[in-house]
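Structure first, commentary second.
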Amino acid sequence: MGRRVGPRAGPPLHPGGQFSRIVEVPAPHTSSVAFAGPGLDTLVITTATQDLTEQQRIRYPLSGRLFTLDPGVRGLPQQLWSGQCGHNPAVTP
C-alpha cells in the first residue's frame, strides 16, 4: 500500500494495485497507514505533532491521534518478521 506524508494518508489500493481513493484526515502530518483487524478491513492511520507550530496545533487539534475507518478494500496478509536480518556468521545466537 502506498503512503504519503501530509494531510492525506496513502491511497487505499485494490488487491491488483489500482487506486481506490484518497483518505483525508484532520491533521497535517500522517505518519503511517496499515490494514488491521481479523479481516484486514480496517485502515489505521497514525498522525504526528512533530514540527508543528503552535498555530498549527491550534488549527489541527486532532494531530497526534490515531484514526480508523472502513476503506471498502482489504489489506493483504504479510509475512511476520522473524527478528533476524539475514545470516551473519560473526554473530552467535
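Derivation of every value follows stated rules applied to the coordinates shown; laboratory data play no part. Since the model is a prediction, treat every value here as computed from it, not as a measurement. With ideal geometry, Cβ positions are generated from the backbone for all residues, glycine too; neighbour counts draw on all protein chains shown.
Highest mean packing comes first when the peptides 27-40, 59-72 are listed by Cβ atoms within 10 Å, giving 27-40, 59-72. Extending 7 Å from the Cα toward the beta-carbon at both residue 22 and residue 69 defines two label points whose distance is 1.2 nm.
One decimal place: the segment residue 81-residue 59 gains 4.1 nm when fully extended, by the rule 0.36 nm per residue minus the C-alpha distance.
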